[in-house]
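For reference, the structure is listed below as structure tokens.
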Amino acid sequence: MSFAEAGASAGTVRATPPPAPKRYRGALLRQYRAEVRLLLTRRRNWILLAVLAVVPIFIGVAVKISKPGGGDGPQFIGRITGNGLFLVFTALTVSIPFFLPLVIGVVAGDSIAGEAGQGTLRYLLTVPVPRGRLLTVKTLAVATFTFLAVLVVSVVGLLTGTALFGLHSLVLLSGDTVGIGSALLRTLGVVVYITIALFALAAGGLFISTLTENAIAAMAATISIAVFSALLDAVPQLSAIHPYLLTNHWLGFGELLRTSISTADLSRWTGLHLAYAAIFLSLAWSRMVTKDVTS
């Protein structure tokens, strides 16, 4: 064999591509499960969920032992004694302005800033984990926790209301009565609507969490979004912008408790919340892919 033939043969061998690395399927799902498991094993998050669970219990016991009569309070509170299902709506109405935003603000604000502050974010990105996938996992986990927070208030309210006042056919705000099955289906719709509304705040928390390595500052800033929006909503002179504020339609779930549900209004309000979420998540992604992780 000549040197030319040997060189050609060697070149042929070297040109053979190496076997493609095995791709591990389900990496996103595994990371999502790990992130949710992390959220649910933190004592702080359990305490936050326990605080939410106390809200319907406290309201139910207070109504049970109180004297009949009027008084100020949420629009559903006067109907609790006739149907325990109204305890769910009352507890959600009470929790939406403060308790639920507080819980969601803490979890969303800590999602990325907490990792950066502890130095684990840099470790995650050197595994390597693509930044886009990491943000997706964080988003899905925070959305899951948001749904869980709303669900805790609703389920505890349903169980407490049933135990104290019973569960009966639901008299809607429009005066008509629907059966228990339809009432529970409407209640599920309320849970989904509130989850979407609060997820817009959670998305804002995710964005803020990419801007800092101080988790407490991110938590406070996230909660401030809801507070500032509520303050603007309370100023009559700013009524022109009220329909576009983040918190303006949080209590719009009352539309689901009417005989003729305005799907146009619900779609418009839900679209507004999703638009807020899309904007915040786009900003978070833009920041995440260019973030200089130093710790």
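Considering T259, T270, the condition of being among the polar types (S, T, N, Q) and not in a helix (DSSP H, G or I) is satisfied by T259 alone.
Among residues of region 29-47 that are hydroxyl-bearing (S, T, Y), those with a beta-carbon under 6 Å from a residue that is surrounded by 12 or more Cβ atoms within 10 Å (Cβ to Cβ) at least six positions away or on a different chain give the pairs Y32/V137; Y32/L140. A284 fulfils the conditions (1) touching a residue at least 60 places away in the same chain (Cβ under 8 Å); (2) farther than 19 Å from L92 by Cβ; (3) more than 18 Å from the chain's Cα centre (by Cα); (4) assigned to a helix (DSSP H, G or I) except for a single criterion, (3). Only residues that are surrounded by fewer than 16 Cβ atoms within 10 Å (Cβ to Cβ) and either modelled with pLDDT of 75 or more or assigned to a helix (DSSP H, G or I) (or both): list them for region 87-123, please. Scanning region 87-123 gives P97, F98, Q118, T120, R122, Y123. Which of the residues spanning region 190-212 are open to solvent by less than 30 Å² (accessible area, probe 1.4 Å) and outside any helix (DSSP H, G or I)? T210 - this is the single residue of region 190-212 that is open to solvent by less than 30 Å² (accessible area, probe 1.4 Å) and outside any helix (DSSP H, G or I). Condition (residue is farther than 30 Å from G132 by Cβ and free of Cβ contacts under 8 Å to residues at least 12 places away in the same chain) applied to region 192-210: is it met by at least one residue? Checked against the condition, which is being farther than 30 Å from G132 by Cβ and free of Cβ contacts under 8 Å to residues at least 12 places away in the same chain, region 192-210 yields no hits at all. For L172, indicate whether it is over 18 Å from the mean Cα position of the chain (by Cα) and open to solvent by less than 30 Å² (accessible area, probe 1.4 Å). Answer is yes for this residue. Would you confirm whether or not region 213-226 contains a residue that is part of a helix (DSSP H, G or I), over 15 Å from the mean Cα position of the chain (by Cα) and within 30 Å of G179 (Cα to Cα)? Looking through region 213-226, none of the residues is part of a helix (DSSP H, G or I), over 15 Å from the mean Cα position of the chain (by Cα) and within 30 Å of G179 (Cα to Cα). In region 243-261, the qualifying residues are those that are hydroxyl-bearing (S, T, Y) and open to solvent by 30 Å² or more (accessible area, probe 1.4 Å), and the one that is nearest to I279 (Cα to Cα) is Y244. A single entry from A240, A234 fulfils the requirement of being over 24 Å from T90 (Cα atoms), without any contact (Cβ under 8 Å) to a residue 24 or more places away in the chain, more than 21 Å from the chain's Cα centre (by Cα) and open to solvent by 30 Å² or more (accessible area, probe 1.4 Å): A240.
The values are calculated or read from the model by the stated rules, or taken from the named source; none is laboratory data. Because the structure is a prediction, the values reported are computed rather than measured. Positions of Cβ are backbone-derived with ideal geometry, glycine not excepted, and every protein chain shown enters the neighbour counts. Only protein heavy atoms, including side chains, enter the accessible area calculation; ligands, DNA and RNA are left aside. Shrake-Rupley method; radii C 1.70, N 1.55, O 1.52, S 1.80 Å.
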